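Enquirer: Dropping a structure here in structure tokens format, bear with me for questions.
Any read-out appearing in this document is the output of simple, stated calculations on the displayed coordinates, not a laboratory observation. Given the structure is predicted, the values throughout are model-derived calculations rather than measurements. Cβ placement follows ideal geometry from the backbone for every residue including glycine, while neighbour counts extend to all protein chains displayed.
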Amino acid sequence: MAANTQRGFVLVVTLWILAVITIAAAYFAERVGRSIELARQNQQTTEELIAFANTRADVLFRLGTTGVSLYGWGGQDAIALDNRPYRGSGDDIVRLQDNRGLLNVNFPQQDMISRLLGQLGVPIEKRGAMIDTLLDYIDTDDFKRLNGAEAPEYAALGLPPPPNDWLASPYQLNNIIGWRDQPEILEKLLRFVTTSRVTGFNPNTAPPEVLASLPGASLETAAALIKARNEKPFYTVGQLASFTTGALDSDYFLFYPSNSLRITQQSKTLPWAIQYSVTLTPRSQDAPWRVDYYVKTPVPYPIENVDKIQKLPARIPAPPSVGETP
């Protein structure tokens, strides 16, 4: 009887040991599987970052060595500067946007900004206050506009005071009273505004929402303008006036791209994108371009059918140097 009890005890212990070994093996297998998946994701992220770096180097090289035209960066086979997607060096997507085709919040055209805010769902009774707080934030004095806000109003909310200077990036709109409490609106708005130190407005590179904010324009007008400019870029205000019903200020329009671009890079596999603004400085003794801001952002545009997206146009090789064999 004692021998049977002893054998039964040994059996129970053996079963317990086997169960512990099985659980430990499953645990370590799960950890190994997770480590392998994490390593795969890290490798994929590294490959995408390398593709980003290669595409950025390619774009900056082109900007420093290629001329600009009505068509964009280059001649008739130019890189378009209207934020359309191009495939980069890998499966990454790059978009180049002429900052002159966006609404400049450092030199605000108040009526156009108001109409753009209306498109994004801001009630008309709130738009005036938003523009006043923006102007108070960037002007050089401490006088408060009727619906604006200066240092005391920011202090009352526990916020840093206005810098009373130009914005360095559009993302500073998140700091302004009346703008910061509308994150959904602001997320959309950031696609259509710039803080670049360029003047004028280029309808050849503007997004449809910005074109629709022109006097007497709508989204239908914007679609017609884009169709027309794709056939032949605009070069006079009279051409624009035939599409709109409002008065256009001829001094506001410049039909060539500026020397400042917003560049957005994203990948189908990464949950974030990078965006930066570059200003060409060919006369600078320090560098041929200046990066005005660089941010990591949520994915701004959905990516579908990557294979159908046009690759960046091929670069035209430089002619051989004197005495060099072609």
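Enquirer: Using Cβ contacts closer than 10 Å as the measure, can you line up THR281, THR245, THR133 from fewest to most?
Expert: Details: THR281 14, THR245 11, THR133 24.
Taking fewest neighbouring Cβ atoms as first place, the list is THR245, THR281, THR133.
Enquirer: Where does each of SER250, SER213 land when they are ranked from fewest to most other beta-carbon atoms within 10 angstrom? Before the final figure, lay out the partial values.
Expert: Values: SER250 11, SER213 23.
Starting with the residue having the fewest Cβ neighbours, the order is SER250, SER213.
Enquirer: Something else about it: Angle, helix 110-119 long axis vs. longest principal axis of the chain, Cα atoms, 0 to 90°, nearest 10?
Expert: Tilt of helix 110-119: around 40 degrees.
Enquirer: While we're on this one: Mind checking the dipole of the chain: about its Cα centre, +1 per Lys or Arg Cβ, -1 per Asp or Glu Cβ, Debye to the nearest 20? Before the final figure, lay out the partial values.
Expert: Values: 30 positive and 33 negative charges, 207 e Å.
For the chain, the charge dipole is close to 1000 debye.
Enquirer: A further question follows. Whats the longest run of the chain with zero trypsin sites (Lys or Arg not before Pro) that are DSSP loop and have at most 16 other Cβ atoms within 10 Å? It would help to have the intermediate numbers written out before the result.
Expert: Values: sites that count: LYS144, ARG145, ARG180, ARG197, LYS268, ARG283, ARG315.
Free of exposed loop sites, the longest segment is 1-143.
Enquirer: What ranking, highest mean first, results for peptides 106-113, 42-49 when packing means the other Cβ atoms within 10 Å averaged over each residue?
Expert: Values: 106-113: 16.8, 42-49: 13.0.
So the peptides 106-113, 42-49, ranked by packing, come out 106-113, 42-49.
Enquirer: Can you give the net charge of the other residues whose Cβ lies under 10 Å from the Cβ of THR264, counting K and R as +1 and D and E as -1?
Expert: Details: positive: ARG95, ARG191, ARG262; negative: none.
Within the 10 Å Cβ shell, the charges total +3.
Enquirer: Now a separate question. For region 123-181, what does the alpha-carbon gyration tensor say about shape, rounded, prolate or oblate, given a ≥ b ≥ c as the root eigenvalues, a/c under 1.5 as rounded, and a/b over b/c as prolate?
Expert: Values: a/c = 1.29, a/b = 1.16, b/c = 1.11.
Rounded, because the longest to shortest axis ratio a/c is under 1.5.
Enquirer: What do you get for the angle between helix 219-231 and the principal long axis of the chain? Use alpha-carbon atoms, 0 to 90 degrees, nearest ten.
Expert: Once rounded, the angle reads 80 degrees.
Enquirer: Let me ask something else. Given the Cα-Cα distance of ALA129 and THR269 and 0.36 nm per residue of separation, how much length would full extension add, in nm? Walk me through the numbers on the way to the answer.
Expert: Values: separation 140, 0.36 × 140 = 50.40 nm, distance 4.03 nm.
Once the chain is fully extended between ALA129 and THR269, it gains 46.4 nm.
Enquirer: Evaluate the Kirkwood expression for the hydrodynamic radius of the chain, namely the inverse of the mean inverse distance over all pairs of different C-alpha atoms, and round to one decimal in Å. List each step's numbers first, then the result.
Expert: Details: mean 1/r = 0.0427 Å⁻¹.
Evaluated over the chain, this radius sits at 23.4 Å.
Enquirer: Let me ask something else. Treat every Asp and Glu Cβ in region 123-181 as -1 and every Lys and Arg Cβ as +1, leave all other atoms uncharged, and give the resulting dipole magnitude about the Cα centre to the nearest 20 debye.
Expert: Details: 5 positive and 10 negative charges, 48 e Å.
It works out to roughly 240 debye.
Enquirer: Another one. Number of Lys pairs in the chain with C-alpha atoms less than 20 angstrom apart, excluding same-chain neighbours closer than eight positions?
Expert: Details: LYS126/LYS144; LYS126/LYS188; LYS188/LYS296; LYS268/LYS296; LYS268/LYS308; LYS268/LYS311.
Lysine pair count for the chain: 6.
Enquirer: Oh, and also: In nm, to one decimal, how far is the modelled label at ALA247 from the one at ALA156, with both set 7 Å along Cα→Cβ?
Expert: 3.7 nm
Enquirer: How much net charge surrounds PHE243 when only other residues with a Cβ under 11 Å from its Cβ are counted (Lys, Arg +1; Asp, Glu -1)?
Expert: Values: positive: LYS227, ARG229; negative: GLU220.
Neighbour charge sum, excluding PHE243 itself: +1.
Enquirer: Just add up the charged neighbours of ILE79: K/R +1, D/E -1, any other residue whose Cβ is under 13 Å from the Cβ of ILE79.
Expert: Summing Lys/Arg as +1 and Asp/Glu as -1 gives +2.
Enquirer: How would region 183-294 be classified by its alpha-carbon gyration tensor: rounded, prolate or oblate, with rounded meaning a/c under 1.5 and the a/b versus b/c comparison settling the rest? Intermediate results must be reported in sequence, preceding the final value.
Expert: Values: a/c = 2.15, a/b = 1.38, b/c = 1.56.
Here region 183-294 falls in the oblate category.
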